[in-house]
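Structure first, commentary second.
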Amino acid sequence: MTESVILRGLENVGALRTDGHFVFPSGRHSDTFVDMDRVHAFPLLMNTVANELASRFARDAGNIQVVVGVDRGGITLGHNVARLLNRFGGDEDPQIMAGMAEKDGSGFALLHGYDKDVAGRKVLVVVDIVMSGDSVRSAVTAVKACGGNVVAVAAMANREGTTADQLGIPRLECLLNLKLHSWDPPCKLCTQRVPLNTDIGHGRRVMSSLGAGTEESA
Ligand SMILES: [Zn+2]
């Protein structure tokens, strides 16, 4: 499956926004946003994404024991990937498990007993979108701290060309390699006084912290 098929799917559900002034969790700004909530709202698209990701690890299914989905976007995707990898692996027992890494303070942690599930096991970490790489690094660190062996990271999209070496992992598999830009504020759109988008991303939080009607660049 080509990138264009996935891109078309994102465009069809309104998940690819290219005409705004968006704020990322890191605080950086961009004119482009991939809205994973739109992907979650369309299970068939989510299944297409998960199926393509899982197929890239089909030959390695025997080398994966736990799939750890990261944060809200990665947990749903990771669970789907784990389900499909089990299909590739047949009816092996023990089956490939699905765990999750959740936000815990400034980083991620494996709660609810998932720390024990990854201990001594081979782990595929699944995120929705690789952005600056900070979240991925934090999740990988959390898995390793629990004794897990991270064999790869899989993502629907790689926003800014982050590499496996930069993340300190053996393999990074992304369906979309977008190479989009983001900037530290104030960015060129701030300078042009383009209003921050508050419907998606963290623009609403920024606006409320500055007071209603005040632009961040003011
Ligand atoms: Zn800006």
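Quick notes on this one:
- 0 to 90° range, to nearest 10: angle between helix 134-145 axis and the chain longest Cα axis: 30
- DSSP-defined beta bridges in segment 87-212 - what % are antiparallel, rounded to 5: 20
- Overall size of segment 3-217 from C-alpha positions, given as principal axis extents largest first: 58, 36, 29 Å.
- DSSP bridge analysis restricted to the chain gives an antiparallel fraction near 25%, rounded to the nearest 5.
- Each peptide in 70-78, 3-11 gets a packing score, the mean of other Cβ atoms within 10 Å over its residues, and the list from highest to lowest is 70-78, 3-11.
- Where Rh is the Kirkwood radius over Cα pairs, Rg/Rh for segment 1-102: 1.04
Laboratory data are not the source of any read-out in this text; all were calculated from the coordinates shown. All of these numbers come straight from a predicted model, not from anything done at the bench. Don't worry about glycine lacking a Cβ; one is built from the backbone with ideal geometry, like all the others, and counts go over all protein chains shown.
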